[in-house]
Amino acid sequence: MTANQLDIDYGKIALAKAKDKSVREFAQRMVTDHSAVQMSVIELAAKLGVTAEDSPTRSGLASGGVDVKAKLNSLHGKAFEKFYIDNEVSYHQAVNDAVGQVLIPSAQNAELKSALQGAQPLFLKHGEHARMVQASFNAAYPGL
């Protein structure tokens, strides 16, 4: 839930500030996809009667999210867009690592484990998409 919410927050900031078409399209995809996943997580948690517990993974994401949002809010123009897409590349790598190495292996409930496994390809695709936007952006604005 924390990872989804952070990416929704980052995407909303990008939609408010970015001008680059590919960055804006990526940000919209993040808001749309992660909002849908977030709703699914909330519905599944309610169905199973579980609540999110604090963990080192969650705490690390939340703590880093405060810093990232502050940085996103302080930047403008191409510097903002570059930081946003660079962060999305590294953020999706960290989230994909957490999902694959921590969340899926530690999920005790079969339905929860299945939901995580079902969402994993989408998150991996987001990481690929972020890297493509990053490469295109870096080619268009070398030296930034």
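The values are calculated or read from the model by the stated rules, or taken from the named source; none is laboratory data. Note that the structure is a prediction, hence the values are computed from the model and not measured. Cβ: placed from backbone, ideal geometry, glycine included. Neighbour counts: every protein chain shown.
What to note about this one:
- Qualifying positions in the stretch 83-105 - modelled with pLDDT of 90 or more and more than 16 Å from the chain's Cα centre (by Cα): GLN101, ILE104, PRO105
- Of all residues in the stretch 35-44 being surrounded by 15 or more Cβ atoms within 10 Å (Cβ to Cβ) and over 15 Å from GLY11 (Cβ atoms), the one that is nearest to the chain's Cα centre (by Cα): VAL41
- Residue in the stretch 45-58 that is under 16 Å from the mean Cα position of the chain (by Cα) and of a type in the set (Gly, Ala, Ser) present: no
- When HIS34, HIS92 are screened for being farther than 24 Å from GLY143 by Cα and touching a helix residue (DSSP H, G or I) at 6+ places or on another chain (Cβ under 6 Å), only HIS34 passes.
- On inspection, VAL133 passes the criterion of being modelled with pLDDT of 95 or more and in contact with a Ser or Thr (Cβ under 7 Å, 6 or more places away or on another chain).
- Residue, surrounded by the fewest Cβ atoms within 10 Å (Cβ to Cβ), within the stretch 1-30, restricted to residues that are within 12 Å of HIS126 (Cβ to Cβ) and touching a helix residue (DSSP H, G or I) at 6+ places or on another chain (Cβ under 6 Å): ASN4
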